[in-house]
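Undergrad: The structure's right below; bear with me while I get my questions together.
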């Protein structure tokens with residue numbers, strides 16, 4: 001009989017939303033002109049610090065929608081029915097500001113996104129969605 005204490009099982013899902021910013025073959029490059037990609041990523045990290053995890057990833061294979069940002073719900077948001085939201089053509093500071101406002105207010109499942117984000121929302125292929133979950 002072991003005297004070691006059992007470790008608590010990790011809580012499924014992220015405690016806070018996750019913002020995944022594509023910076024692969026098309027997103028984050030000069031193929032999307034007139035946008036300071038480094039500043040966009042830095043601004044997202046700064047404005048969402050302590051609220052959401054912001055991560056940079058290589059190509060999400062949705063190049064026709066460059067720049068792509070995926071908002072994954074927090075554990076509470078997922079429990080409330082929230083699902084990842086894929087946003088494409090996020091190529092101006094106003095769009096990024098709308099995203100940060102929404103995530104700061106709770107994000108998917110907890111707060112409806114601003115109506116303007118409907119212009120950016122798209123549904124990627126099942127294969128692409130699955131790759132992000134891995």
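We did not get these values from a lab; they are worked out from the coordinates using the rules stated. On a predicted model such as this, the values are computed, not experimentally measured, just so you know.
Undergrad: Indicate the gyration tensor shape class of the range 68-132 (rounded, prolate or oblate), computed on the Cα atoms with a ≥ b ≥ c the square roots of the eigenvalues: a/c under 1.5 is rounded; otherwise a/b larger than b/c is prolate and the rest oblate.
TA: Oblate, since a/c reaches 1.5 and b/c is not below a/b.
Undergrad: So what's the Cα pair-distance distribution over the range 18-133, bin width 10 Å, in %?
TA: The percentages, shortest bin first, are 15, 50, 32, 3.
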